[in-house]
Amino acid sequence: LIWFVGPLFGFAGRAPLALLAAFLGGGVLTLGGLVRRPVIPLWRPADGPPAPARLFTEDERRTLVAVQDTFWPPGPDVPSVAAVGGAEYVEAVLASPGVDPREGPAAKAGFARLDAVSAAGGVPRFHQLSPADRDTELRGVAQEEAGAPFVAMVLTYTLEALFGDPIHGGNRGGAGWQ
C-alpha cells in the first residue's frame, strides 16, 4: 500500500494511512481518488462466519495474495493481508450477490493478465516472481487501460480487508487496527 498510495501523498509510514482510512469513515483510496461505498456486512455474528467462497482457482488465489503482499508487505510488526483474511474477504465479496457480477470475471482476467506478463518474462506465474519483480509487473499492468480498474478494485477490497470492521469478514481479530 505504501508502494501505491504513500508516494502520492508523501506518507513515509503506515500509521498515517491507517489514520486516514479511519478518518474517511469507510472511504477508500484508489487510483481514481476517493471512493465512498456503503458497507454491507457479508454476515452477522449470530450467523457465524461466511462459508468460504470458491470463485478463484488455487493459482488465482495465490496471485491475489501476491498482489496484496505487494500493496501491503508483511513485516515483523505488521500483519500480512493473509493474516487478516484478505484473500478470503475479496473472494467472498466478489461472490456475494450485492456486488456487480462483472467484478469476479474482471478479477480473474486481471490475474490471467499478471500471469501472462510473468510468463512473457520467463516465470510461469505472477506469484512465483520475487517481490521486486511483482512490484514492477504490477506497476506496468496498472498503467494499462484494462489493468488500471483491476488494480484499483483489488486495492479497494484489500484496504477493506485490512481496515474494515471484522464483522464484514476481513480484518481478523482487528489485526489491521493494531
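The values are calculated or read from the model by the stated rules, or taken from the named source; none is laboratory data. What you see is a predicted model, and the numbers here were worked out from it, not measured in a lab. Cβ atoms come from the backbone with ideal geometry, glycine included; neighbour counts cover every protein chain shown. Accessible surface areas use protein heavy atoms only, side chains included; no ligands, DNA or RNA. Shrake-Rupley method; radii C 1.70, N 1.55, O 1.52, S 1.80 Å.
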Task: Answer residue from the range 56-81, given it is open to solvent by 50 Å² or more (accessible area, probe 1.4 Å) and not charged (D, E, K, R) and is modelled with the highest pLDDT among those - done: T57
TODO: State all residues of the range 131-152 that are open to solvent by 40 Å² or more (accessible area, probe 1.4 Å) and more than 14 Å from F71 (Cα to Cα); if no residue qualifies, say none.
DONE: Q143, E144, E145, A146, P149
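Do you know which residues across the range 86-102 are surrounded by fewer than 20 Cβ atoms within 10 Å (Cβ to Cβ) and among the charged types (D, E, K, R)?
Filtering the range 86-102 for residues surrounded by fewer than 20 Cβ atoms within 10 Å (Cβ to Cβ) gives 95-102.
D100, R102 - these are the residues of the range 86-102 that are surrounded by fewer than 20 Cβ atoms within 10 Å (Cβ to Cβ) and among the charged types (D, E, K, R).
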- [ ] Specify the residue that is surrounded by the fewest Cβ atoms within 10 Å (Cβ to Cβ); the eligible residues are those in the range 153-164 that are aliphatic (A, V, I, L, M) and closer than 17 Å to A106 by Cα.
- [x] M153
Open item on the list: Between a residue in the range 62-87 that is more than 24 Å from S118 (Cβ to Cβ) and assigned to a loop (DSSP other than H, G, I, E, B) and any residue that is aliphatic (A, V, I, L, M) and open to solvent by less than 10 Å² (accessible area, probe 1.4 Å), which pairs come within a Cβ distance under 9 Å, given they are 6 or more apart or on different chains?
Closed with: P79/L162; V84/A161; V84/L162; G85/A161
